[in-house]
């Protein structure tokens with residue numbers, strides 16, 4: 001064996017080890033999320049046939065009289081709810097309104113609280129301090145579907161999706177390069193890859209209107 005051939009083999013072995021390492025690392029990182037997104041891909045595709053009965057709960061409460069003046073001042077400036085008012089609302093109806101935007105109208109402060117798999121809102125009468133709240137729960141399938149879409153899931157989930165997507169890209173690229181390394185011993189490799197590429201293209205061009 002010549003030195004050149006030996007170097008090529010050593011380089012190939014090192015390259016294969018790197019690809020395998022990054023392939024299983026990216027697989028480990030993305031495994032749980034990939035299963036989640038695959039399953040919710042099915043549930044989203046069949047959303048019209050999966051029955052979901054929303055559960056609506058209404059709550060009410062009352063602000064202490066001492067907080068009406070701070071609430072009135074906030075209404076005049078169209079600013080956020082004062083901290084003391086937000087704390088009192090949470091204690092009264094069990095919903096966190098601190099840090100959320102407020103829609104001010106004549107005599108009312110309205111806070112929308114959308115979340116994955118449901119919805120919620122809080123309304124405060126600025127004159128009397130009466131609190132009304134409503135929560136809607138559409139079930140765990142709707143919750144997972146909204147996570148798939150990143151709907152109302154917050155910034156942490158937003159960045160998680162980006163990290164997960166990068167891991168999936170790395171998993172796919174290293175998988176393709178590993179296929180290339182072993183393609184000589186597996187003649188069906190490239191026909192299968194070509195078929196996997198051609199199928200969605202054909203469906204998109206000819207069967208999607």
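The values are calculated or read from the model by the stated rules, or taken from the named source; none is laboratory data. No experiment lies behind these values; they were computed from the predicted model shown. No Cβ is skipped: glycine too gets one built from the backbone with ideal geometry, and neighbour counts run over all protein chains shown.
Given the options 205, 193, name the one that is over 27 Å from the mean Cα position of the chain (by Cα), surrounded by 14 or more Cβ atoms within 10 Å (Cβ to Cβ) and in a helix (DSSP H, G or I).
Only one candidate passes the filter, namely 193.
Could you tell me whether residue 61 is touching a helix residue (DSSP H, G or I) at 6+ places or on another chain (Cβ under 9 Å), within 26 Å of residue 135 (Cα to Cα) and either in contact (Cβ under 8 Å) with a residue 60 or more places away in the chain or in the same structural domain as residue 149 (by TED's automatic domain parsing) (or both)?
For residue 61, the condition - touching a helix residue (DSSP H, G or I) at 6+ places or on another chain (Cβ under 9 Å), within 26 Å of residue 135 (Cα to Cα) and either in contact (Cβ under 8 Å) with a residue 60 or more places away in the chain or in the same structural domain as residue 149 (by TED's automatic domain parsing) (or both) - is met.
Does at least one position in region 144-151 carry a residue that is in contact (Cβ under 8 Å) with a residue 12 or more places away in the chain, within 21 Å of residue 101 (Cα to Cα), surrounded by 11 or more Cβ atoms within 10 Å (Cβ to Cβ) and more than 18 Å from the chain's Cα centre (by Cα)?
no
Among the residues of region 107-114, are any within 24 Å of residue 162 (Cβ to Cβ) and either under 20 Å from the mean Cα position of the chain (by Cα) or without any contact (Cβ under 8 Å) to a residue 24 or more places away in the chain (or both)? Show your work before the answer.
Residues of region 107-114 within 24 Å of residue 162 (Cβ to Cβ): 114.
Now restrict to residues that are either under 20 Å from the mean Cα position of the chain (by Cα) or without any contact (Cβ under 8 Å) to a residue 24 or more places away in the chain (or both): 114.
Taking every residue of region 107-114 in turn, at least one turns out to be within 24 Å of residue 162 (Cβ to Cβ) and either under 20 Å from the mean Cα position of the chain (by Cα) or without any contact (Cβ under 8 Å) to a residue 24 or more places away in the chain (or both).
Test of understanding: among 38, 33, 27, 76, which residue is out of contact with any strand residue (DSSP E or B) (no Cβ under 8 Å at 6 or more places or on another chain), within 29 Å of residue 124 (Cβ to Cβ) and in a helix (DSSP H, G or I)?
76
Looking only at region 41-58, count how many residues are more than 13 Å from residue 147 (Cβ to Cβ) and either assigned to a loop (DSSP other than H, G, I, E, B) or touching a residue at least 40 places away in the same chain (Cβ under 8 Å) (or both).
Final tally of qualifying residues: 11.
Looking at region 153-170, can you tell me whether even one residue there is within 30 Å of residue 73 (Cβ to Cβ), surrounded by fewer than 18 Cβ atoms within 10 Å (Cβ to Cβ) and either at pLDDT 95 or above or outside the structural domain of residue 29 (by TED's automatic domain parsing) (or both)?
no
Could you please let me know if residue 13 is part of a helix (DSSP H, G or I) and either without any contact (Cβ under 8 Å) to a residue 40 or more places away in the chain or in contact with a strand residue (DSSP E or B) (Cβ under 7 Å, 6 or more places away or on another chain) (or both)?
yes
Restricting region 97-111 to residues that are surrounded by 14 or more Cβ atoms within 10 Å (Cβ to Cβ) and modelled with pLDDT of 95 or more, which is farthest from residue 41 (Cα to Cα)?
Result: 108.
Being loosely packed, with under 12 Cβ neighbours inside 10 Å and within 22 Å of the chain's Cα centre (by Cα) is the filter here; which residues of region 11-40 pass it?
28, 32, 35, 38
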